[in-house]
Every structure is written in C-alpha cells, then in structure tokens.
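Peer 1: Dropping a structure here in structure tokens format, bear with me for questions.
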C-alpha cells in the first residue's frame with residue numbers, strides 16, 4: 001500500500017505539485033538537523049520514521065488518501081550528532097546568534113553599528129567565548145565600559161549561549177521561514 005501511495009504522490013510531484021516546498025527535519029530532541037524535499041519527508045512519514053510537527057494548508061492527494069504537506073517533521077529515533085567542529089566565537093557569529101540586536105537596549109542599528117561586548121569584561125578576567133559575549137550597540141557598550149551588567153546597572157536581555165553546530169549552519173535557511181525560525185535555538 002505505502003509503495004503505491006508514494007508512487008502516486010511521486011507522479012503528482014512530477015506534475016509540479018509542491019516541488020519548491022522544503023521541509024525542516026528535527027531530531028527526536030527537536031534540534032534542527034537538515035532541510036529536505038517534501039517527497040523525502042512524506043516517505044519518512046509513511047515509513048513511520050518521523051512524525052508531523054507542522055504542516056501547510058496544502059494537501060497531497062493519492063487515490064484514496066490525502067496528506068497535509070509537511071513543513072516540519074520530527075524523527076522518532078534520536079540521531080546522535082558527533083561534535084564535528086567547535087564553532088569559533090566571532091563577531092559575525094555573535095551578531096547572527098543575537099539577530100543583529102543589542103542585548104541591552106534591544107536596538108537594531110545595523111551590523112556596522114553593533115559591537116561585540118564581553119559580559120564579564122576582559123579587564124576582570126572575562127574570556128572571548130560564546131557564553132561571555134553579546135551584541136551591543138555602541139552607546140550601550142560605552143555606557144557599560146569595563147563593568148559587568150550588574151555593576152553598570154544594566155539588564156542583559158538574554159543569556160548568551162553556544163549555538164548548536166547544525167542549527168547554526170542552517171541559521172540562514174531557518175531565518176527565511178517564519179515557522180522554522182522558532183526551531184533555530186532550542
């Protein structure tokens with residue numbers, strides 16, 4: 001039965017149905033893994049290797065069956081991702097992680113006007129690591145100076161964290177789709 005459903009859907013794809021649609025694949029722990037075609041996602045769903053998390057309003061139809069076009073699927077079994085690379089902490093990476101937003105006042109003055117601020121200043125032993133640097137506008141960085149946010153009486157909007165490698169590699173893709181954006185940082 002499944003083979004005939006997939007074959008009928010394959011014919012639908014060849015006629016142009018949902019060819020441009022892409023699907024975000026999440027690990028069992030809801031971490032983003034990759035972006036695949038709708039056809040591949042439907043096969044994973046039919047093989048019960050994945051479950052539907054979010055779908056579009058479109059439907060795929062095959063003889064007696066109809067399926068929602070998947071937008072996000074989640075693997076049933078956890079796939080262990082070996083730590084291939086340690087992401088270097090860079091200005092570009094920090095600004096991307098923080099969505100080009102000052103983590104003190106929330107301003108978005110553009111990348112050119114943002115700086116990389118050490119939460120615990122280097123003068124107080126702070127390191128340049130993902131968990132100690134945030135994007136800050138020039139005014140907030142100047143105001144904070146060589147102090148911690150508490151010493152400068154400033155509130156940090158989000159706690160800095162090390163991005164997951166796969167999510168960070170997919171960040172540009174995840175940012176392009178409103179539904180996928182919420183899975184960029186799990």
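Peer 1: Looking at residue 107 and the list (1) within 29 Å of residue 30 (Cβ to Cβ); (2) in a loop (DSSP other than H, G, I, E, B); (3) within 22 Å of the chain's Cα centre (by Cα), which single condition is not satisfied?
Peer 2: Every condition holds for residue 107 apart from (1).
Peer 1: In addition: Which one of the conditions (1) out of contact with any helix residue (DSSP H, G or I) (no Cβ under 6 Å at 6 or more places or on another chain); (2) at pLDDT 75 or above; (3) surrounded by 15 or more Cβ atoms within 10 Å (Cβ to Cβ) does residue 185 fail to meet, given that it meets all the rest?
Peer 2: (2)
Peer 1: Further question on the same structure: Filter the stretch 131-153 down to residues that are crowded, with 17+ Cβ neighbours inside 10 Å and either in contact (Cβ under 8 Å) with a residue 40 or more places away in the chain or more than 21 Å from residue 93 (Cα to Cα) (or both) and give me whichever is farthest from the chain's Cα centre (by Cα).
Peer 2: Looking at the filtered set, the residue picked out is 144.
Peer 1: Let me confirm something: among 2, 15, 39, which residue is crowded, with 17+ Cβ neighbours inside 10 Å and either more than 17 Å from residue 73 (Cα to Cα) or modelled with pLDDT of 50 or more (or both)?
Peer 2: 39
Peer 1: Return only the number of the condition from (1) within 21 Å of residue 174 (Cβ to Cβ); (2) modelled with pLDDT under 90; (3) assigned to a strand (DSSP E or B) that residue 84 does not satisfy.
Peer 2: (3)
Peer 1: Answer yes or no: is there a residue in the stretch 54-76 that is at pLDDT 85 or above, farther than 19 Å from residue 24 by Cβ, surrounded by 17 or more Cβ atoms within 10 Å (Cβ to Cβ) and touching a strand residue (DSSP E or B) at 6+ places or on another chain (Cβ under 7 Å).
Peer 2: No: the stretch 54-76 contains no residue that is at pLDDT 85 or above, farther than 19 Å from residue 24 by Cβ, surrounded by 17 or more Cβ atoms within 10 Å (Cβ to Cβ) and touching a strand residue (DSSP E or B) at 6+ places or on another chain (Cβ under 7 Å).
Peer 1: While we're looking at this one, here's another question. For the stretch 91-104, which residues satisfy the criterion of being part of a loop (DSSP other than H, G, I, E, B) and either more than 18 Å from the chain's Cα centre (by Cα) or on the phi > 0 side of the Ramachandran plot (or both)?
Peer 2: First, the residues of the stretch 91-104 that are part of a loop (DSSP other than H, G, I, E, B): 98-104.
Correct list: 99, 100, 102, 103, 104.
The values are calculated or read from the model by the stated rules, or taken from the named source; none is laboratory data. Because the structure is a prediction, the values reported are computed rather than measured. Note: ideal-geometry Cβ built from the backbone for every residue, glycine included; neighbour counts use all protein chains shown.
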